[in-house]
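For reference, the structure is listed below as structure tokens.
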Ligand code: G4P
């Protein structure tokens, strides 16, 4: 066997054992808790509470001067990895609601699958819906974990019905609760035909009893007559009326396997993890301008999906997060920076453990590497070895909050222009300009935090004090038409231009948006830039 073949074999093996996913949920559903349990299984942390403590530190302060600290923390928690049963697992962090921003959406592009976490008392919540839709658009498989079974929640069948109705995805329960809240006795594993017994509190082992089926007398013994009867009936209903398990549909993102459990009690978590690792896909091909790039392609390639400013404002350097798409990454390797059209050396690549950073010697498709960025990277940049690969641009997202920007001190115009251009490039905010006689600058974001970060960084990194005045628009639509008459966007709407000069209509409400669409029947109103 030649040396080359061996290297290819290694890449193939490494790709096959990788699982890179994001947990999507509404705040408080238990994402931190679940992440922590998974890291404990993988031995990446040894003490329960490590992830939690960091979250507490992050939210304990509302003092805005602390934002740098806060962002420093979110650097280290951006991606975590561990080994389990021969798998290499990468968990991408999608920040909670205070941190909700375009970054969150962009991070999802780096995931190969998603775990949707739902609180059994609350069901499908607002933020889950948004994040779900981004995953859906990419067609990645979505696994569901219904959490907090130790509390009184909604009937499991209701929850499934809601997932299907609100999110429009079919579901297949992999296990089924026996009781709930105070009466919780365990979960019945539909695939393995066994019962995982529930015991409150942190436990070392997991007690499992094998059974013949949902009506096994052993279930009666542990759960009592009434619960056993209910279980048998519900399982029968699922068998008759529910969707059968279909791995191809799961991989196509059309069917979500559903697991019930309680993260805090470490109940159902191992079963979930093991099934997830078995069923979730390894890194797949990625779209590029010249067609799909296979992960097992011998040559390295990847793209930047997130840029994080340094916590220390004295240093302008940043960390660029690279998702590896093909080949083998090696520390110190020279790669092509495709947009810049030159070779660069990747000297100090880092990866992030639960609590610390480490220098990476080598990495494979699916892995995320943090690159030291002296200001040479932009969001969506592709890096490749031996040839130019251009990965499909990162999508821009339709902003939902808008503010008018005014400078407090006109003398600082140069710094203002520079800061605005650089921060827009980093993806901190989207910038629009009005078309009227006096050009005004309007910022668009998907989360309030983006405004706060923008204002803070303009002040501390560029020395420019700004005033952001919220304006009541709620929707942005890129207008694709032969001719766009600004006169049509006067009432509860306005027409602006994006950074490339494309016309964008901003609307205060859906009614105004519908009216404009009716008046311009030949135009297309797009949620993102064409
Ligand atoms: P998040 O990252 O999604 O925002 O949620 P997080 O893990 O912080 O969990 C939110 C709250 O829900 C926490 O309670 C956590 O302990 C609790 N929780 C998580 N999983 C379960 C579960 O399986 N059952 C029950 N009953 N509760 C669960 P908290 O009171 O906000 O915090 P703490 O005082 O426990 O730290």
Problem set entry | the range 24-34, residues that are more than 7 Å from the ligand (Cβ to nearest atom) and surrounded by fewer than 24 Cβ atoms within 10 Å (Cβ to Cβ) | 26
For this session: Please work out if residue 426 is surrounded by 15 or more Cβ atoms within 10 Å (Cβ to Cβ) and touching a residue at least 24 places away in the same chain (Cβ under 8 Å).
Result: yes
Exercise. Any idea how many residues of the range 139-177 are within 16 Å of the ligand (Cβ to nearest atom), closer than 21 Å to residue 229 by Cα and either assigned to a strand (DSSP E or B) or not assigned by TED's automatic domain parsing to the domain that holds residue 255 (or both)?
Worked result: 2
Problem set entry | Filter result for the condition that a residue is outside the structural domain of residue 469 (by TED's automatic domain parsing) and touching a helix residue (DSSP H, G or I) at 6+ places or on another chain (Cβ under 9 Å), over 332, 386, 366 | 366
Exercise. Can you tell me which residue in the range 112-135 is farthest from residue 247 (Cα to Cα), limited to those that are away from the ligand (no atom under 15 Å from the Cβ) and surrounded by fewer than 16 Cβ atoms within 10 Å (Cβ to Cβ)?
Worked result: 129
For this session: Could you run through the range 367-400 and say how many residues are assigned to a strand (DSSP E or B) and surrounded by fewer than 17 Cβ atoms within 10 Å (Cβ to Cβ)?
Result: 1
Exercise. Do we have any residue at all in the range 245-261 that's assigned to a loop (DSSP other than H, G, I, E, B), at pLDDT 95 or above, crowded, with 18+ Cβ neighbours inside 10 Å and within 16 Å of the ligand (Cβ to nearest atom)?
Worked result: yes
For this session: Kindly indicate whether residue 251 is touching a strand residue (DSSP E or B) at 6+ places or on another chain (Cβ under 8 Å) and within 25 Å of residue 168 (Cα to Cα).
Result: no
Exercise. Among the candidates 6, 2, 61, which residue alone is touching a helix residue (DSSP H, G or I) at 6+ places or on another chain (Cβ under 9 Å), away from the ligand (no atom under 16 Å from the Cβ), farther than 30 Å from residue 163 by Cα and at pLDDT below 85?
Worked result: 61
For this session: Being within 21 Å of the chain's Cα centre (by Cα) and either within 16 Å of the ligand (Cβ to nearest atom) or not in a strand (DSSP E or B) (or both) is the filter here, so list the residues in the range 279-298 that pass it.
Result: 279, 280, 281, 282, 283, 284, 285, 287, 295
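The values are calculated or read from the model by the stated rules, or taken from the named source; none is laboratory data. Here the structure is a predicted model, which is why all the values come from computation and not from measurement. Ideal geometry is used to build each Cβ from the backbone, glycine not excepted, and the neighbour counts take in all protein chains shown.
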